[in-house]
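These notes are about the structure you will find just below.
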Amino acid sequence: MTASSSPEDDKALFMEAMNGVRKLKQDTISPHRAPVKVKATRAAERKDRAEAHPFSDLYEPWLDQEGPTRFRADDTSAFELKRLRRGDYVPELFLDLHGLTQEEAKQELSALLLAARRQNVNCVSIMHGHGKHILKQRLPMWLVQHPQVLAFHQATKEWGGDASLLVLLKTER
């Protein structure tokens, strides 16, 4: 506002500039909300991450190096390991770790064991392959750490032979 113009002149100029302008109608669009299915999926993913077992690469249990890869928890009978070796247990879930990094393999292993517990599965097959023997060496170390694992043994030819393990798990049955 200059010293020579009056407030009435300013109002008249403003009204002239606004001639033909209409009032805007208010928008009624609400902000984006994630659908309920997405919320439920995200909640399940958070729960899975919280329940995932943190496998350590530093822990190295003593495992018999003679013969096939095998392990039996202290509270598991030797007969159960023998049944696993003979192929008496049929795996209900399968995991193929071919081509995965160690971190990816740990995540997949944790997800498999979680799924097995939720579905009350007592035997799973985990195929680690031959490759450079990295996963073949790491997998038993990780499995020994998990409280759900009762025993594991190198699989029979039918379930992958020396490129996979059959794992016996605790169940609710």
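Given (i) 15.8; (ii) 16.3; (iii) 20.2 as candidate values of Kirkwood radius over Cα pairs in Å, which corresponds to the one derived from the coordinates?
Comparing each candidate, only (iii) matches the computed number.
Roughly what angle does helix 36-51 make with the longest principal axis of the chain, taking Cα atoms, 0 to 90 degrees, to the nearest 10?
That helix lies at roughly 40 degrees to the long axis.
Rank these by accessible area, largest first, 1.4 Å probe: R118, R72, R22.
Values: R118 125, R72 100, R22 205 Å².
Largest accessible area first, the residues go R22, R118, R72.
Rounded to the nearest percent, how much of the accessible area of the chain (1.4 Å probe, protein heavy atoms only) is carbon and sulfur?
On the chain, the fraction of accessible area on carbon and sulfur atoms equals 53 percent.
Under the 0.36 nm per residue contour assumption, what length would be gained going from the current alpha-carbon distance of A17 and N120 to full extension?
Values: separation 103, 0.36 × 103 = 37.08 nm, distance 7.55 nm.
Between A17 and N120, full extension yields an extra 29.5 nm.
Relative contact order of the chain: what whole-number percent is it, with Cα pairs under 8 angstrom and at least 6 residues apart?
Working: 201 pairs, mean separation 42.1, N = 173.
This gives 24 percent for the chain.
Nearest 5 percent is fine: what portion of the DSSP beta bridges confined to the chain is antiparallel? Let's see the in-between values first.
Numbers: 13 of 17 bridges.
About 75 percent, rounded to the nearest 5.
Just to confirm, what accessible area per residue do you get for the chain at 1.4 Å probe, in whole Å²? Walk me through the intermediate numbers first.
Details: 12180 Å² over 173 residues.
The answer is 70 Å² per residue.
Give me the angle, in degrees from 0 to 90, between the Cα long axis of helix 7-17 and the longest principal axis of the Cα atoms of the chain, rounded to the nearest 10.
Helix 7-17 sits roughly 60 degrees off the main axis of the chain.
For the chain, what is the calculated [θ] at 222 nm in deg cm²/dmol (nearest 500), taking -39500 (n - 2.57) for each run of four or more DSSP H residues and dividing by its residue count? Working shown, then result.
Numbers: 5 runs with 65 residues, N = 173.
The per-residue figure over the chain is -12000 deg cm²/dmol.
Work out the charge dipole of the chain with +1 on the Cβ of Lys and Arg and -1 on the Cβ of Asp and Glu about the Cα centre, then indicate which of T69, C123, V144 is farthest towards its positive end.
C123
How big is the dipole moment of the chain about its Cα centre under a simple scheme where the beta carbon of each Lys and Arg is +1, that of each Asp and Glu is -1, and everything else is neutral? Debye, nearest 20, please. Could the numbers behind the result be given before it?
Values: 26 positive and 24 negative charges, 122 e Å.
Computed about the Cα centre, the dipole is about 580 debye.
Taking only Cα atoms, what is the 0 to 90° angle, nearest 10, from helix 102-118's long axis to the longest principal axis of the chain?
80 degrees
What pairs in K37/K106; K39/K136; K37/K132; K47/K132; K37/K157; K47/K136 have C-alpha atoms more than 31 Å from each other? Show your work: numbers first, answer last.
Values: K37/K106 28 Å; K39/K136 38 Å; K37/K132 42 Å; K47/K132 34 Å; K37/K157 42 Å; K47/K136 29 Å.
Flagged as over cut-off: K39/K136; K37/K132; K47/K132; K37/K157.
The values are calculated or read from the model by the stated rules, or taken from the named source; none is laboratory data. What you are looking at is a predicted structure, and each value in this text was computed from that prediction instead of being measured. Virtual Cβ from ideal backbone geometry, glycine too; neighbours counted across all protein chains shown. With ligands, DNA and RNA removed, areas are computed over all heavy atoms of the protein, side chains included. Shrake-Rupley method; radii C 1.70, N 1.55, O 1.52, S 1.80 Å.
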